[in-house]
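Below is one structure; the comments refer to it alone.
Nothing in this text is a laboratory measurement; each read-out follows from the coordinates by a stated rule. Everything quoted here is computed from the prediction, not taken from an experiment. Don't worry about glycine lacking a Cβ; one is built from the backbone with ideal geometry, like all the others, and counts go over all protein chains shown.
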Amino acid sequence: MALLAKRPNGTQDVVPNEVYKWQTVESVVRDTAQQFGFREIRVPTFEETGLFVRSVGDTTDVVQKEMYTVSSTGDKTYTLRPEGTAGVIRAVLENGILNEGLPQKVFYTISCYRHEKAQKGRLREFHQFGCELLGAAAPAADADAIALADSVLKRLGLKNIRLNINSIGCPECRAKYREALKAYFEPHRDELCSTCQERLDKNPLRLLDCKSEEDQAIAKDAPVIIDYLCEDCSAHFEAVKKQLGIMGIDYVINPKIVRGLDYYTRTVFEFISDDIGAQGTVCGGGRYDGLIETLGGKPTPALGFAMGLERILLTMEAQGCEFMEEKTCDLYIAAMGDKAAEKTVETVTRLREEGFYVEYDLVGRGLKAQMKYADKIKAKYVIVIGDSELESGSAKLKNMATGEQTDISLGDELLDDFGAQYYELMMSTDDDFRSFVEAFAEDGENK
């Protein structure tokens, strides 16, 4: 029978036996962000279209070609978010979060949407971990945000990730740079793609971000922004580099980095991997000191970054990084007969209330089929309950890995008996569990 529907092009399903990989990354990014003082924020999936036009920039590929936009019954149009920063800043302003004291630090894990050619590492629905640091103008804030991203990547076990940094200056020094770019590209106007011909007049900085190979070849010898930085921007960039040195974070200065969104100023950066092909940028960000004012707030310095979770996962898989273990069933209870089934439900309920992951038959299988199912779901232990077990008040607890069987009470001692067996198993097989127990015991001794 043919399927009536298939997933849209440029999207992917995360099936249950793969979701633990996502949970690994989500756990690390959340814990690391909180360690750096960031609090979680959640915002709508769609916003008024004008928010992205004003913030991202009307000359960017995102706004010109890639946004999913719909009209409502009135005159307004709404757009599925193509990135996270604009919506987060809107939420921060609308909810008065900047009045709670500065700096404000927020993080989020969201889905984003861009209509572009789907390929490995570039999807139409993708997911980002992002952080925004608001109200800090000092170069130390730039370095601290970079340090957070660097820490996440290292805690995930990623290797050979290069940090590229650049400064694209402030509006004043960038005006001089734009004139230099226009002078450089003007003789090549007819050779540029139609989009870049339009950008040459509106925003020549965007020519450096064009994906056309022909335009990239023309841009190869274009002037670089670092040569046009004003004194303040140059000093800021030097201070960022010094701070990164103190932190022990290696970097490469890449004068070609401009980032794809118009709101960036001064420091921009990218973390790049060579293990996933052309889409090697796994994290990108920078400073955007003018964005909050552009969206109606008071002039407030700000910066942030976004990390593509699909690209992170691709890189981890390519490098053979470790993921947290998939959660599997602690105990499967197989029943034979109606009375045994009632006892099974009672026992399952008690164990689940104590936090154990327990399964039992829901489809009317025979004993042999139940045992096969227990093996398929990777149950650590199995108990079989029948008439003899009900009469004796005890059953055999089978370790599915070793085949070893021990007696276990079905009465008041059930929780103690199973808890003791489970503890021994986890201490012998689960490094994280053993480390937690040892740390807990040591903490108790210290107290």
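Worth pointing out:
- Each eigenvalue of the Cα gyration tensor of the chain, multiplied by 5 and square-rooted, gives one semi-axis; in descending order these are 54, 25, 20 Å.
- HN-Hα J in Hz across the range 290-299 - Karplus 6.51, -1.76, 1.60, θ = phi - 60°, x for Gly and Pro: x, 5, 4, 5, 4, 9, x, x, 6, x
- Helix 139-155 axis versus longest C-alpha principal axis of the chain: approximately 40°, rounded to the nearest ten.
- With the helix formula -39500 (n - 2.57) applied to DSSP H stretches of n ≥ 4, the chain reaches a computed 222 nm mean residue ellipticity of -12500 deg cm²/dmol.
- The range 331-424 gives an Rg/Rh value of 0.92, both radii derived from C-alpha positions and Rh following Kirkwood.
- Look at the alpha carbon pairs under 8 Å that are at least 6 residues apart: their mean separation over the length of the chain gives a relative contact order of 15 percent.
- Remark: for residue pairs Lys241/Lys298; Lys378/Lys398; Lys211/Lys256; Lys21/Lys380; Lys339/Lys396; Lys256/Lys298, the C-alpha separation exceeds 23 Å in Lys241/Lys298; Lys256/Lys298.
- Cβ-defined net charge surrounding Ser388, 13 Å radius [Lys, Arg +1; Asp, Glu -1]: -1
- Estimated FRET transfer efficiency when R0 is 56 angstrom, pair Glu186-Ser71 (beta carbons, to 0.05): 0.90
- Cα pair distances in the range 282-325, grouped into 10 Å bins until the bin that holds the longest one, percent each: 25, 30, 20, 17, 8
- Residues Lys154, Lys376 arranged by fewest to most Cβ contacts within 10 Å: Lys376, Lys154
- Around the amide H of Ser394, modelled in the peptide plane, lie the amide H atoms of Leu410, all under 5 Å away and 5 or more residues distant in sequence or on another chain.
- The shape of the range 187-323 can be summarised by an equivalent ellipsoid whose semi-axes, obtained from the alpha carbon gyration tensor, come to 26, 23, 16 Å from longest to shortest.
- Expressed per residue, the C-alpha convex hull volume of the range 84-241 stands at 173 Å³.
- Loop sites in the range 346-441: chymotrypsin sites (Phe, Trp or Tyr not before Pro), DSSP, at most 16 other Cβ within 10 Å: Tyr357
- Acute angle (nearest 10 degrees) that the helix 367-376 long axis makes with the longest principal axis of the chain, alpha-carbon atoms: 30 degrees
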